[in-house]
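The structure under discussion appears below in the form of structure tokens.
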Amino acid sequence: MRSFLLKFSGKSQLVIVVGATITIAYIIALISKQFFDVHQLKINTDLIETVYQVMGTIYAILLTFTLWGVWQSYTEADTAVQKEAYALMDLVHVVEASPRWKDFNIRDAALTYSKNVVEHEWETLRDMTTSVINLREQGYSAAIKIVQAIQNINPEGDREVAIFSQLLMLLNNWQDARRTRILIARGNCAKALWPVLFTGAFVLLAFHGLFVAQTPGIWIALLGGFSLVIGLTFYLIFTLDCPFGGSPCIDSEPFLLAIHLLSSKQSVENK
């Protein structure tokens, strides 16, 4: 189901999820209504309302908890992308600031890596069926060149040793951010909670069918509004749980900026 929805655009995903939720809501409510006598439902309206309010409150907490969790994962992925690109740029700047270290071609390695991320890895991140191992191997050769460029540096004197220690810290930050980006790209943090969310929605919608309204239009409007809110929440949870494939999705702007800066400086040096 997840892979199926990701094939559509963001607007289409929204229409499918919300539309399906509203449609199923009316079906469940109408079916549950058929199992009880209208007169009995009117007599027990107070009891139905009390139970409905309690269950609605519990379900709202569950939705909030799930939405907050996937939002945290989404923001963590966004932060990891920025940290990865910025740590890479800092590596280049620190190395090139030293007259003795300019010939280690760290800029070329960083530029090649950034282009590989934007042109190849980013499309792979959108494909949730791609294994994390394959993604790691896809960018391995470009990443290892950066590591080798740093390891080839032989610091001399206390000043260069201190700068080299900073380089190693930046290198670790860059690698940690890369691992975080790849791992979070799998998404599916809410996978274990979806059965609970669906079950809770089913029970609440079934209870809604037990309400008896004097005007059918009011009953239809209330159920439509209630199911619309649930559908929108389902959509937000789904799309945020796919940080690189949903809508909104995390873009490669930090790496595009890195490519622009690295290419501009490279062009100036060639002239």
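Read the figures in this text as sums done on the coordinates, not as results from a lab. Since we're looking at a predicted model, the values are computed, not measured. Please note: Cβ atoms are built from the backbone with ideal geometry, for glycine as well, and neighbour counts cover all protein chains shown.
Convert 4 °C to kelvin, take the viscosity as 1.567 mPa s, use the Kirkwood radius over C-alpha pairs of the chain as Rh, and evaluate the Stokes-Einstein diffusion coefficient in µm²/s, rounded to a whole number.
58
Where in the chain are the DSSP H helices whose alpha-carbon span along the long axis reaches 27 Å or more and whose Kyte-Doolittle mean is at least -1.0?
Helices passing the filter in the chain: 10-33, 45-96, 157-184, 216-240.
Taking 0.36 nm per intervening residue step and subtracting the Cα-Cα distance, what contour gain separates ILE31 from HIS93 on full extension? The partial results should precede the final answer.
Numbers: separation 62, 0.36 × 62 = 22.32 nm, distance 6.65 nm.
Result for the pair: 15.7 nm of gain on full extension.
Apply the Kirkwood formula to the range 1-40: the hydrodynamic radius equals the inverse of the mean of 1/r over all pairs of different alpha-carbon atoms; give it in Å with one decimal. Write out the running numbers ahead of the final one.
On the way: mean 1/r = 0.0825 Å⁻¹.
Mean inverse Cα-Cα distance, inverted, gives 12.1 Å.
Keeping to pairs on different chains or 8 or more places apart, tell me how many lysine pairs in the chain have Cα atoms under 18 Å apart.
Within the chain, the lysine pair count is 7.
What is the magnitude of the charge dipole of the chain about its Cα centre, with +1 placed on the Cβ of each Lys and Arg, -1 on the Cβ of each Asp and Glu, and no other charges, expressed in debye to the nearest 20?
420
What order do you get for 141-153, 215-227 when each peptide is scored by the mean count of other beta carbon atoms within 10 Å, highest first?
Going by the mean number of other Cβ atoms within 10 Å, highest first, we get 141-153, 215-227.
When 1/r is averaged over all different Cα pairs and the result inverted, which Kirkwood radius in Å belongs to the range 31-70?
Kirkwood radius, the range 31-70: 12.0 Å.
How big is D, in µm² s⁻¹, for the range 147-261 by Stokes-Einstein at 4 °C and 1.567 mPa s if Rh is the Kirkwood radius over C-alpha pairs?
Answer from the Stokes-Einstein relation: 67 µm²/s.
Given just the C-alpha atoms of the range 37-123, how large is their convex hull per residue in cubic angstrom?
105
From Cα pairs below 8 angstrom and at least 6 apart in sequence, can you work out the relative contact order of the chain, rounded to a whole percent?
Values: 257 pairs, mean separation 111.9, N = 271.
It rounds to 41 percent for the chain.
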